[in-house]
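Colleague: I'd like to ask you about the structure that follows.
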Amino acid sequence: MVTGLLAVPLVLMAPEEQASQEPGGPVFDLQKKVNDRFRPRIHITSVIIEDRERDILRQEPLWELYLNEEALRRSELGPFLYNGYDPDNERQIFGVFTIADAVQGVLRLDPSVRATLETATDGQVKQAIHRILESPTGEPMRDSLSKDASFELRLVDGREIKYWRAEALSAFVASDNQKLGGGPLTISPAGDEVTLGKERFNRRVQEILRGDQSSFRLWGIAIDINLESEEQGRTAVPFIAATVVLVLAVVGLTLRSVRVVGLTFLALIMLLVAASNFFGAVFSRLGTPMMLTDLLLGLDLSPMLILAIIMAVIFLLGWPLEWVPIVLIIVPILLPLVDKLGFNLTWFGILVAINLQTAWLSPPVALSAYFLKGVVPEWDLKDIYAGMMQFMVIQMIGLLCVMFFPQIALWLPELIYGK
């Protein structure tokens, strides 16, 4: 009854407007007036493209990227792309323009090459990139390359040519902000329909630019934090409802009934699942998964090295914790990062399961050892640890095999469900 009374204000007095993300005061009031008077013209969707063979400045990935850009221009999103002069930044803006477009333009205008990006060799592409990056207007293209970008000097037809290579490059899609509903440029935690509409637009842009991703991986940078938090919140609703039903059933039954024990256990499990979903939703709403994603992606580490870091964290957490909090709380926080890296989620889930099993066999904690000690109290922990070591080594070998040869884990799911 008390709980019901406390819930009444939440229903009858619920706010109708979004809370402001900025404190009050003359400075923020002035900023609001400026934003209202001078509407932002451009909405930016930022993406990162990483080559699967660790050199994005090759013919194959650039041609695939160029085709995906053309598909974006021809799609239903084409009319929303911004093409024109941006007086705010004093430069010409194209809806989408990457180094792939620049290479295509250079090759088409060079009569000595007689090739386009579709038919060019890697060498011809490298020479075109040299001309682009060495030109007076090449600085934006150089800035779009990842920090590991480097070059080697080669003699071609008696001239020194810089053969550039880079693992990844960044790009952005410029859209007409007013056509998308106006409002702030940035995508920040808010639940209004305009912001959610922009995030749906961002997701569609990402989907088209990704294409088949046969030669590269592409992911957006903080493009849908509100949609992700809403989806996680909706996931929690059925578990909350089930928890309420089970709690009411427990209260209605006699405490002498054996079924009460089972229902209580199920209620506790549902409560844990619901609480973990709420926890994940709050983390997502605050942008923590995206912050973690941007932090690790900003370290210029290879995807496999980032995966190794994730596995190490889960391994350490597997010492003191049971699998439930790790799977329900930690893994959902890491999923956006895993998805941005382009890893198969089924494969990642199997890696987590093997990793946790390995952690439970590993001293100094080794939860499995304590379970066994409880069953056979006369056995010494030292002997149990000694007997578990060979199994731990086998588990580690299995984890590495599945990590470096994903088909070991994926062949059966693909056989049953298809790719």
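Derivation of every value follows stated rules applied to the coordinates shown; laboratory data play no part. Treat the numbers as computed from the prediction; the structure is a model and nothing was measured. For neighbour counting, all protein chains shown are included, and Cβ atoms are generated from backbone atoms with ideal geometry for every residue, glycine included.
Colleague: Give the long-range amide H neighbours of Ile42: residues separated by 5 or more places, or on another chain, with amide H under 5 Å away, using H modelled in the peptide plane at 1.01 Å from N.
Modeller: Asn177
Colleague: Please state the Cα pair-distance histogram of region 316-365 with 5 angstrom bins from zero: what percent is in each bin?
Modeller: In order of increasing distance, the bins hold 4, 21, 28, 23, 15, 6, 2 percent.
Colleague: Compute the Cα gyration tensor for region 42-223, then decide on rounded, prolate or oblate, letting a ≥ b ≥ c be the square roots of its eigenvalues: rounded whenever a/c is under 1.5, prolate when a/b is larger than b/c in the other cases, and oblate in all that remain.
Modeller: Verdict is prolate for region 42-223.
Colleague: I've got another one for you. So, by mean Cβ neighbours within 10 angstrom, what's the order for 41-53, 202-214 with the highest one leading?
Modeller: By packing density, highest mean first, the sequence is 41-53, 202-214.
Colleague: OK, next. How do Phe348, Phe216 line up, fewest other C-beta atoms within 10 Å first?
Modeller: Ascending Cβ contact count within 10 Å gives the list Phe348, Phe216.
Colleague: I would also like to ask the following. What is the sum of charges around Ala366, taking Lys and Arg as +1, Asp and Glu as -1, for the other residues whose C-beta is under 14 Å from the C-beta of Ala366?
Modeller: On the way: positive: Lys373, Lys382; negative: Glu322, Asp380, Asp383.
It works out to a net charge of -1.
Colleague: Further question on the same structure: Under the 0.36 nm per residue contour assumption, what length would be gained going from the current alpha-carbon distance of Glu160 and Lys382 to full extension?
Modeller: So the extension gain works out to 73.3 nm.
Colleague: Taking 8 Å as the Cα distance limit and 6 or more residues as the minimum spacing, I'd like the relative contact order of region 354-419 as a percentage. Please report the intermediate quantities before stating the final value.
Modeller: Values: 36 pairs, mean separation 20.8, N = 66.
Once normalised by length, the contact order is 31 percent.
Colleague: Which ordering of Lys162, Lys179, Lys340 is given by a fewest-first count of other beta-carbon atoms within 10 Å?
Modeller: Lys179, Lys162, Lys340
Colleague: Sort largest first and round to whole Å: the equivalent ellipsoid semi-axes of region 293-419, each the square root of five times a Cα gyration tensor eigenvalue.
Modeller: Values: eigenvalues 173, 60, 35 Å².
They are 29, 17, 13 Å, listed from largest to smallest.
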